[in-house]
Structures are given as structure tokens and as C-alpha cells.
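Novice: One structure, pasted below without further comment.
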Amino acid sequence: MRVASLFCGIGGLDKGFVDAGFDVIWANDFDKYAVETYNANFETPATLADITEYPLEDIPEFDVLIGGFPCQPFSMMGQQKGFEDTRGTLFFRIAEIIDYQIKHRGNKPRAIILENVRALRTHDKGHTFARIKEILREELGYRVFDMNLNSSDYGVPQTRNRTYIVCFANEKVTEFEAPPTCELNYHMQDLLETDVPDKYFLSEKIKKTVLSNGTGGWDAKAETDLPIARPLCATMAKMHRASQDNYVTQEKGLRRLTPRECARLQGFDGPKTSDYIIPVSDSQAYKQFGNAVTVNVANAVAKEVRKKLEETGEWNR
Ligand SMILES: C[S@@+](CC[C@H](N)C(=O)[O-])C[C@H]1O[C@@H](n2cnc3c(N)ncnc32)[C@H](O)[C@@H]1O
């Protein structure tokens, strides 16, 4: 089943789909560091390009489209400008890509899986979300389903609520439910590294700031050593000010998470493994893992999508 991955980042959705038996034949992102990490870990290299400028005819024929499109314009922490912001128009690029496959290649992709922040649902009193679903349903002709999924319900100790939109071309698909949840059988403490370098430990000055219940206008309760991590975020500095980062205590004091621990909290690695290659600087790595889709959730969705495609006889077509 040929998958095109838009806004692939370091491939959280991709890994979930590959592990469920899908074949990612084309992936794209315009961030060279994200593509560097992606290419270090996937067989098929991602194409480095701005998708709004990439020719539609150069995107190969595919059966399934996956895309965690950028959430900044919709996120609760953003300015909530939505489609007025140019980044908000990226959904329309996704629609154009599907439309091109249908009209110019005579190929209607069988499924579309989109991921975004939960606040997408309430943005502009729900109009943005309604419009997205309307375009998928009315203009592109898909059965459209949506759900909120939390990473901590799919086996990783991180609270991360995201909205998924899952669409099928086959009209026989009349329902699609959230994938079955699974028990959380380890906590953030269980995935921590040992002998962590000094640079991850906080100085007394920073410690005072992060424990002071939010600075710079942010009002939040500083909590450390949570069993279930707060959402990893691409903009760690913001989280820092809001006392919303994840801090843990080890023998040398209080410290921030290492990039490897972030990889584990996002399901790229198990609680004790270190297989996912991280070829970039720490600051790029934090951004990349903060931006990523949790692999476990992507995999749970991918398995359900596969089941539907098998039921309709489209999996092996
Ligand atoms: C939320 S992240 C995607 C996470 C990823 N889908 C995953 O599964 O882990 C959004 C990505 O969109 C990329 N992006 C934003 N605008 C883009 C554009 N115009 N063209 C290509 N990529 C873009 C960013 O570089 C970022 O990596």
C-alpha cells in the first residue's frame, strides 16, 4: 500500500504506518534538519522541499496520504489566526494534491489520515474544522471520521491530545472508531537514562525560575517528576517560562529530559532502547521530537485503517 507522507518531520506517522505494513514511497518536509533525521532512519529518503512550491506532477501516484500538518496557526498558544495565516493554508495544499491525483492521474487515494492539535476543533468557533471536513467530504468525495487520541492511552507515559481525521474513498466504510486503547505499563521514571551529562542539570538560578510557578506572564503550577509527562513541545523556551517543561530529579539534582528520553516518550524508542538515530544538535532534536506524532498512536491508527482496507478488499488491490 503506497503511502505519501506530507509534513513528514522525523516520521512519527511514517514509522507507525511502516510498522503496520504500509510502504512509504514518498515523503516531504522543508526543514533540512528534520529531513536529516528522517533520512538517517528510513529506507526511502524524504524530499527536501516547500510543499507549496513543489510541482504536483512530481509527486508519484499513491494509495494513502498521511500528514500531520503544521499546527502553529491553530494551536491554543498561537494567535489563532487560522486560514488568514499563510501556514493555515497548508490544508488547502493537501486538498490540491489529492485533487490532482484524482483528476490528472485517475487515481483516487483510498485513505487520508491527518493529524493536528486538539484546538483545531474549536478554532474560529469550530468553523475551521467544519470547513476542513466539508472539503474532504463534498469536494473530494471521502467518508470522513474524526477522533481525539491521547498518547497515554496508547502505551507511552505522555499526555498528548491530538485530533485525527481519517477518510476513506470507499463508501462501504460507514464507521471508523478510535483504535482500542492499551494499558500504560511504565512511567516516565522508567525510561530515564542514567549517567546523564552535567549539561542537562539545571543551575540554581534556572531551578529557581522553573520552580516559581510560571514567569513572563504565564501562570502555571511547577511540578516535577511527573509519572506521565506533559506534552513535549517544539518550543521548549515557551514551556520553560510557563513551567510546563518536564523536569526530573536524579542524584545530581533537577534536570531536563535528554533528547533520547524525548524519543522514548514519543514512541520512537522503547523505554530502554536507543535505536532511533538522532544525528542533529540537542536544540534541533527537542524541536523535532516536540513536533512529532507519537509513533504508538500512529501505529494504532494505521492498524485500524489497514483493517478497514482489508474488509473492503482494497488492501491487496
Ligand atoms: C507537526 S510537524 C509533522 C510531524 C510529522 N508528521 C510526524 O509524523 O512526526 C509539521 C512539519 O511540517 C513541516 N512544514 C511546515 N511547512 C511546510 C511546507 N510549506 N512544506 C514542507 N514542510 C513543511 C515542518 O518543517 C514540520 O516538520
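The values are calculated or read from the model by the stated rules, or taken from the named source; none is laboratory data. Computed from a predicted structure; not experimentally measured. Glycine also receives a Cβ, built like all others from the backbone with ideal geometry; neighbour counts cover every protein chain displayed. Surface accessibility is based on the protein's heavy atoms, side chains included, excluding ligands, DNA and RNA. Shrake-Rupley method; radii C 1.70, N 1.55, O 1.52, S 1.80 Å.
Novice: Going from the alpha-carbon gyration tensor of the chain, what semi-axes, largest first and in whole Å, does one get by taking the root of 5 times each eigenvalue?
Specialist: Its equivalent ellipsoid spans semi-axes of 34, 21, 19 Å.
Novice: Sticking with this structure for a sec: Label LYS307 and ARG131 with points 7 Å out from Cα along Cα→Cβ: what is the distance between them in nm?
Specialist: Placing both labels 7 Å beyond Cα along the Cβ direction yields 3.5 nm.
Novice: List the residues of the stretch 1-26 whose backbone N lies under 20 Å from a point placed 7 Å from the Cα of LYS32 along the Cα-to-Cβ direction.
Specialist: In the stretch 1-26, the label zone of LYS32 (backbone N under 20 Å from the point 7 Å along Cα→Cβ) covers 7-11.
Novice: Computing the accessible area with a 1.4 Å probe over protein heavy atoms, can you report the carbon and sulfur percentage for the chain?
Specialist: Of all accessible area on the chain, carbon and sulfur atoms account for 48 percent.
Novice: Given H placed on each backbone N at 1.01 Å, which residues far from PHE7 in sequence or on other chains put an amide H within less than 5 Å of it?
Specialist: ASN28
Novice: Follow-up. Would you mind checking the pairs LYS108/LYS307; LYS32/LYS199; LYS15/LYS103; LYS287/LYS308 and listing those with alpha carbons more than 23 angstrom apart? It would help to have the intermediate numbers written out before the result.
Specialist: Working: LYS108/LYS307 19 Å; LYS32/LYS199 26 Å; LYS15/LYS103 30 Å; LYS287/LYS308 34 Å.
Too far apart for the 23 Å limit: LYS32/LYS199; LYS15/LYS103; LYS287/LYS308.
Novice: For GLU223 and ASP198, what is the calculated FRET efficiency with R₀ set at 41 Å and r taken between the beta-carbons, to the nearest 0.05? The partial results should precede the final answer.
Specialist: On the way: r = 24 Å, r/R0 = 0.58.
E between GLU223 and ASP198, to the nearest 0.05, is 0.95.
Novice: Assign one of three labels to the stretch 251-317, namely rounded, prolate or oblate, based on the Cα gyration tensor with a ≥ b ≥ c the square roots of its eigenvalues; rounded applies when a/c is under 1.5, prolate when it is not and a/b is larger than b/c, and oblate otherwise. Mind dumping the intermediate values first?
Specialist: Numbers: a/c = 3.50, a/b = 2.81, b/c = 1.25.
Because a/c hits 1.5 or more and a/b exceeds b/c, the stretch 251-317 counts as prolate.
Novice: Okay, moving on. Normalised by the residues of the stretch 1-43, what does the relative contact order come to in percent, with Cα pairs under 8 Å and at least six apart?
Specialist: Value for the stretch 1-43: 46 percent.
Novice: Please list, short to long, the whole-number percent of alpha-carbon pairs of the stretch 127-207 in consecutive 10 angstrom bins beginning at zero.
Specialist: 14, 28, 23, 17, 13, 6, 0
Novice: Starting from the Cα of MET147, move 7 Å in the Cα-to-Cβ direction to define the label point; list residues of the stretch 279-311 whose amide nitrogen is under 18 Å from there.
Specialist: Flagged as within label range: 293-311.
Novice: Can you give the FRET efficiency to the nearest 0.05 for GLU139 and ASP19, using r as the Cβ-Cβ distance and R₀ = 35 Å?
Specialist: It comes out at approximately 0.65.
Novice: If you find the alpha carbon centre of the stretch 97-173 and of the stretch 251-285, how far apart are they in angstrom?
Specialist: Taking the Cα centre of each part, the stretch 97-173 and the stretch 251-285 sit 30 Å apart.
Novice: With the contact rule set at Cα under 8 Å and sequence spacing of 6 or more, what percent relative contact order holds for the chain?
Specialist: 19 percent
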